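The structure appears below as structure tokens.
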Amino acid sequence: MKRGKFGQMKLSFGMIFSIMLIIIFLVFGFYVISKFLDMKSSVEVGKFVDNLQNDITKMWGSSQGAQEETYTLPIKIESVCFVDFYSSSRGNEDIYKKLKQVYDNEQNFFFYPVGSGEGLDAVNLKCRDEINCLNIKEITKTQNPFCIESEKGKIKLTIKKNFNDAQVVITR
């Protein structure tokens with residue numbers, strides 16, 4: 001009996017190559033799944049903006065009304081904010097300063113925290129090409145920015161228009 005010799009396990013080149021391929025496929029699979037999940041968040045944000053814009057336009061086109069809506073957003077968006085940068089901050093000074101960093105003279109709607117909107121930090125909500133149908137001065141009269149917090153990815157807001165008003169107002 002020979003002492004000092006250890007048993008050897010021989011793996012063929014084909015077996016080693018197969019194991020390496022399996023590892024590569026698994027890594028690639030997890031990468032692709034993570035990208036699809038990121039894309040899902042981007043689609044949710046885009047769908048939210050389109051739905052909100054459509055609901056505002058419908059209310060703007062009516063003579064009067066109020067409707068409460070619930071929208072779905074990615075969890076990392078803590079709140080949505082309406083801001084009037086032609087007016088001073090009232091209330092959320094810290095949020096006002098952070099949102100001003102991504103403002104470029106046209107937006108009136110923002111996702112907070114900055115960067116949580118999947119590349120869409122700010123939007124200018126309009127009813128048609130140049131018609132601003134939101135009464136941003138009225139929306140931000142008591143709080144500027146006027147933010148609506150997300151509850152587990154759900155945003156609840158009320159879209160209102162009175163009989164003699166030309167523009168729509170958003171409330172909590």
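What aspartates and glutamates sit close enough to Lys137 to cross-link, taking a C-alpha to C-alpha distance under 14 Å and skipping anything fewer than 8 places away on the same chain? Filter leaves Asp84, Asp165.
Mind listing which GluC sites (Glu not before Pro) in region 20-117 are in a DSSP loop and have 12 or fewer other Cβ atoms within 10 Å?
Those that pass, being in a loop and sparsely packed, are Glu106.
The slack between Thr70 and Met39, meaning 0.36 nm per residue of separation minus the straight C-alpha distance, is 9.0 nm. For region 123-172, the direction-averaged projected area of the alpha-carbon convex hull comes to 4.3 nm². Once the convex hull of all Cα atoms in region 13-171 is built, its volume per residue stands at 143 Å³.
Readers should treat all values here as calculations from the given coordinates under stated rules, not as data from a laboratory. Being a predicted model, the structure only gives us computed values, none of them experimental. Cβ atoms come from the backbone with ideal geometry, glycine included; neighbour counts cover every protein chain shown.
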